[in-house]
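What follows draws every value from the coordinates through simple rules; no lab data is involved. Because the structure is predicted, anything quoted here is derived from the model rather than measured. Positions of Cβ are backbone-derived with ideal geometry, glycine not excepted, and every protein chain shown enters the neighbour counts.
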């Protein structure tokens, strides 16, 4: 399980100043998927890399330890591709794995092999990885292929020794493959002792099984000779790409019980934990308020360390140690929160979830899609995620709503569902702008948000604090195509976890004289922080080429904006844009224009109401059509002309 850094919005709200985080799961062996996202929009015939061969053969012992032999051959079709894959990192968990490179070389078209001296390769910290020994057990060995150019192939054979399995005596394995990269041949095998059952779930590949003496061999194979020209999607590869999952756990109940057994000791209530819990809740007798105070304390006092720990141990550190250190990954946050709650007699359960854009789980357990940990409080019937940092008690980041989850429990059903987002979340943007006689814009913008939107806005506010209010405003104006100066003002600290949150800003955009000479321009939004009204809740406006059969995350909510623009004296609007009303069974978008003297006003509203986590089928088709119409309405422009009696 990977407790990596996450975007609380699923990565769909982009601002110039926002601290960029990425949430990823990578199994370094997968030559089949290397660089796949980089080329997803390339023409199939011109794809710059090609996986000629990728193999993985794993021999598992009864105690769950194993040796995997991985081999890959990747063809670079262009010099740019050669540059991209010429330095090839292989990641591994130092605490759990051993990594040996048997051979690695550049294969020239004429058959010459230019070998790498594998004896000189040393393990190192991944690039950009903080050196926190207690948490960061990830290391990498980097293959630097000599004299690599267009037409060459990189070749390597690697052995991984799993010395410490995630769960003793159990197997958890899986992978997925790109649909936009040519894969000539990818195959692998899992060899297990007889009597050690293996459950496999596959999609888009062939599977076979045979007995070999006292062992059973499971084989899978995949090829992609006709890659897609493009494959635009919002869901995770574990939901939709060719994939396989393999495990010895027969169901999620047994998997959850095993996880609970391993993690429960970390929640021990020690004297220090008891003392801290009593201090946090001093003077409070209401149990829900006690839970809320503990939640707020962990959220604000325990730094979230988002590291690629999922390739390492799934066992959290002891709550006592997390408390002493003042930081921890998602599992550590969950156990410290749980231990402090336990100290006050409040029950909780660690919950495994996909914290990014995965919305399905395979039939049998897998850690591949379960990359995050949150908490369930049965007494209050709510989920909580202290790693969000700036989410009010009971409010989750958008990517966590409506998903299947696994409760780490030894009693009852482990596989459950987080409810979809209820009504009441939204954004309101109010902007007043004045256009000067030189084409410059000045004005103010106020952004208010509730629910998970407020979590995102608080995260943006933290980015503003980090960069500085003037610098952040300037960067935001630049990113919106209206360079200039400005200043953000935060109504309260981002850690103030009230139901709503607001950020205001004043701006002065540089002159654009063309605005006064007939060039069309969009209604100014000033220091806009959220994407345009109509975006996100039912799909993404900026992805018009995504197929209407492709599921998208969807949420109930309301977004609105009130914009006004005062025109300079001596100029008039040539025509007021038309109003718009766009509706489906699950959404309604309206845009209303008005003019009072020299002031032009625009009100946009978007309402979404849906009782499922994903838009699929007819709902998705209708939403996709509506989004195209909404995007077209957003392209409405204002055109000015000088008054007949005016001279400029």
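Laid out as a table, the results:
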quantity: For segment 194-299, radius of gyration divided by Kirkwood radius, i.e. Rg to Rh on alpha-carbons; calculated: 1.23
quantity: Overall dimensions of segment 353-439 as given by Cα atoms, namely Rg and Dmax in Å; calculated: 18.9, 72
quantity: Segment 426-642: relative contact order in percent, alpha carbon pairs under 8 Å with at least 6 residues between; calculated: 24
quantity: P(r) of segment 31-247 over all Cα-Cα pairs, binned every 10 Å from zero, in whole percent; calculated: 8, 29, 36, 23, 4, 0
quantity: Fewest-first ranking of 407, 572, 372, using other Cβ atoms within 10 Å as the exposure measure; calculated: 572, 407, 372
quantity: Where N is the number of residues in the chain, Cα Rg divided by 2.2 N^0.38 Å; calculated: 1.06
quantity: Sorted by Cβ density within 10 Å, fewest first, the residues 297, 376; calculated: 297, 376
quantity: Degrees between helix 452-467 axis and first principal axis of the chain (Cα, 0 to 90, nearest 10); calculated: 90
quantity: Computed over the chain: relative contact order in percent, which uses C-alpha pairs under 8 Å that are six or more apart; calculated: 12
quantity: Relative contact order of segment 31-247, pairs being alpha-carbon contacts under 8 Å that are 6 or more residues apart, as %; calculated: 28
quantity: Helix axis angle, 271-280 relative to the chain longest principal axis, alpha carbon, degrees; calculated: 10
quantity: P(r) of segment 398-510 over all Cα-Cα pairs, binned every 10 Å from zero, in whole percent; calculated: 13, 33, 25, 16, 8, 4, 1, 0
quantity: The chain - mean residue ellipticity at 222 nm from DSSP helices (-39,500 (n - 2.57) per run, n ≥ 4, rounded to 500); calculated: -5500 deg cm²/dmol
quantity: Kirkwood-based Rg to Rh ratio, segment 255-417, C-alpha trace; calculated: 0.94
quantity: Residue order, fewest to most beta carbons within 10 Å, for 430, 175, 93; calculated: 430, 93, 175
quantity: For q = 0.10, 0.17 Å⁻¹, Debye-computed log10 I/I(0) when each Cα of segment 426-642 counts as one equal scatterer; calculated: -0.48, -1.22
quantity: Helix 252-263 axis, angle to the chain major axis (alpha carbon atoms, nearest 10°); calculated: 90
quantity: Solution diffusion estimate, µm²/s, Stokes-Einstein, segment 537-648, Kirkwood Rh from C-alpha pairs, 25 °C, viscosity 0.890 mPa s; calculated: 155
